[in-house]
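Here's the structure we're looking at; comments come further down.
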Amino acid sequence: MNKTVFIIVDGLADLPIKQLKNKTPLDYAIKSNLYKFLKHSKFAYPSVLGNFAPQSDSGVMADLGYDPLKYSTGRGWFECLGLDMQPKDGDLSIRVNFGSVKNGKLNSVRTYMSNQELEELSEEINKKVNLREDFQFKAGEDYRAGLVFRHSKNVFSQFVSNNEPGYTAKFFKNGAKISFATGVKDREIHKVKAVRKEAVYTASLLNEFILKSSSVIKNSKVYKERKKKGLDAPNYLFLRDAANKDPKLPNINQKYGRNWAAVVGMPLEKGISTAAGMTLISTSEEKDIKRDFYDKVEKTTKALSKFDAVYLHIKQADAVSHLGKFHEKYAIIEDIDKIIISKLANVLDLDKDTLVLTCDHATSSELKRHLNSNIPVLISNNKFGFSSNFSEVSCSNNHIKGIKKAVDIMPFVMSL
Ligand SMILES: [Zn+2]
């Protein structure tokens, strides 16, 4: 059977930047290995969620063919599933950021730490925070964690706001819940609020958890040592996207009759792939970007001998965009070309296999936040003729008309 490699580069798309000759990082980057795929390719330029700026959860769901407006029950579900916390219907699963508050105002929503520090803090929270309900707290990567309250006689509700200020939860009539990247508007510290009456208990439980955890963090060894070294120290937790239901994604292998594997390193993407029925190829996020790319493309190549299709997720482009580092962003895109695309050009059979290169959403590295822009998509297959230079502009100028939304990409690709 023909093979498919589906690459999602997190936050790949961007806006033109003056210092890059008014080009976007994707346009500015030299991508000479991609030329082999451009010889037989078409572009698409779909919207992800219309006017809303998506987070990665809805962007990735849409790219993989699952309409977030239909399926999403809240990012927390995928995040905790990906952390192997095994959420069940009725549990409350939440995504957590370690951040900090200064003089009662927001200082940072992301305090980067080593994995060891993150694990030590998580361990302390599990041991020392006493609440009315059972919970499990688990370290993720850098500043991220997962939190699951286990189903009890009290019903947990997903109708709560986020206290993480950059993302606003929206609830849809059909039961879907999605947070949108709305940006940090002020420096106020907000409590978790009940959006509906039934969520009053859940909101008060989460606020109590935040308060008690913050006090545990401030008394921890990690906090004191970071303070002593003059490093940013976390002293507060920001929660978002509480989910209490299984999103029940239809199995991707059955849907398209192909056997899928996922080479993904972050809990969120692990969670979505698992929920979609893909086989996870064990991998972690290497801090050294080049080493990470070599590792991931190696695993993708190996997976291709056993699976029909591989979803490969590259995280780093989004992270540097949030930090405003557009020079690093185009350098990352060039490394993707040199390390990942060059290898795939040798491994894939360009006469019959398919390569997809796209992203989950655009992230502006000048504004340091996600955008609601359409996303560039490259679909390379022998059926197509030559397309020149893969960029936002070329996709906007010349694209497959039938792919209007990101959810349309996968059915199109799987029909090739
Ligand atoms: Zn992002």
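The values are calculated or read from the model by the stated rules, or taken from the named source; none is laboratory data. Quantities reported herein were computed from a predicted structural model and do not represent experimental measurements. As a convention, Cβ positions derive from the backbone with ideal geometry for all residues, glycine included, and neighbour counts pool all protein chains shown.
When you scan the stretch 169-272 for helices (runs of 4 or more DSSP H) that lie fully inside it, which ones turn up with 2 or more residues that are among the charged types (D, E, K, R) and over 28 Å from residue 62 (Cα atoms)? Step through it out loud before you land on a result.
Numbers: elements: 200-218, 221-228, 252-256.
Here the list reads 200-218, 221-228.
Can you tell me which residues in the stretch 347-370 are within 14 Å of the ligand (Cβ to nearest atom), modelled with pLDDT of 95 or more and either hydrophobic (A, V, I, L, M, F, W, C) or not in a loop (DSSP other than H, G, I, E, B) (or both)? Walk me through how you get there before you give the answer.
Here is the first cut: in the stretch 347-370, the residues within 14 Å of the ligand (Cβ to nearest atom) are 359-365, 367-370.
This time we only want the ones that are modelled with pLDDT of 95 or more, so: 359-365.
Those that are within 14 Å of the ligand (Cβ to nearest atom), modelled with pLDDT of 95 or more and either hydrophobic (A, V, I, L, M, F, W, C) or not in a loop (DSSP other than H, G, I, E, B) (or both): 359, 362, 363, 364.
Evaluate the stretch 174-185: report whether one residue or more is assigned by TED's automatic domain parsing to the domain that holds residue 233, among the basic types (Lys, Arg) and touching a Pro at 6+ places or on another chain (Cβ under 9 Å). Break it down stepwise before answering.
Taking the stretch 174-185 first, the residues assigned by TED's automatic domain parsing to the domain that holds residue 233 are 174-185.
With among the basic types (Lys, Arg) added as a condition, the list becomes 177, 185.
Retained after the next criterion (residues that are touching a Pro at 6+ places or on another chain (Cβ under 9 Å)): 185.
Yes, that holds for at least one residue.
Return the only residue of 366, 392 being in contact (Cβ under 8 Å) with a residue 60 or more places away in the chain, assigned by TED's automatic domain parsing to the domain that holds residue 36, surrounded by fewer than 16 Cβ atoms within 10 Å (Cβ to Cβ) and not aliphatic (A, V, I, L, M).
Values: 392 fails: surrounded by fewer than 16 Cβ atoms within 10 Å (Cβ to Cβ).
Only one candidate passes the filter, namely 366.
Would you check which residues across the stretch 113-153 are under 15 Å from residue 217 (Cβ atoms) and part of a helix (DSSP H, G or I) and list them?
Of everything in the stretch 113-153, those that are under 15 Å from residue 217 (Cβ atoms) and part of a helix (DSSP H, G or I) turn out to be 117, 118, 119, 120, 121, 122, 123, 124, 125, 126, 127, 128.
Just the residues that are surrounded by fewer than 20 Cβ atoms within 10 Å (Cβ to Cβ) and touching a residue at least 40 places away in the same chain (Cβ under 8 Å), please, taken from the stretch 305-315.
306, 308
Regarding the stretch 93-116, can at least one residue be identified that is among the basic types (Lys, Arg), under 20 Å from residue 58 (Cα atoms) and at pLDDT 95 or above? Spell out the reasoning first.
Here is the first cut: in the stretch 93-116, the residues among the basic types (Lys, Arg) are 95, 102, 105, 110.
Within this subset, residues satisfying the condition of being under 20 Å from residue 58 (Cα atoms) are 95.
Retained after the next criterion (residues that are at pLDDT 95 or above): 95.
Within the stretch 93-116, one or more residues are among the basic types (Lys, Arg), under 20 Å from residue 58 (Cα atoms) and at pLDDT 95 or above.
Take the residues in the stretch 181-202 that are small (Gly, Ala, Ser) and at pLDDT 95 or above, then tell me which one is nearest to residue 372 (Cα to Cα).
Looking at the filtered set, the residue picked out is 194.
In the stretch 53-108, which residues are under 30 Å from residue 215 (Cα atoms), surrounded by fewer than 24 Cβ atoms within 10 Å (Cβ to Cβ) and charged (D, E, K, R)?
Residues satisfying the conditions are 84, 88, 102, 105.
Return only the number of the condition from (1) farther than 30 Å from residue 149 by Cα; (2) surrounded by fewer than 20 Cβ atoms within 10 Å (Cβ to Cβ) that residue 296 does not satisfy.
(2)
What residue, among those in the stretch 284-337 that are away from the ligand (no atom under 16 Å from the Cβ) and aromatic (Phe, Trp, Tyr), is nearest to residue 114 (Cα to Cα)?
293
So residue 151 ticks every box in (1) farther than 21 Å from residue 120 by Cα; (2) modelled with pLDDT of 95 or more; (3) surrounded by 17 or more Cβ atoms within 10 Å (Cβ to Cβ) but one. Which box is left unticked?
Looking at each condition in turn, residue 151 falls short on (2).
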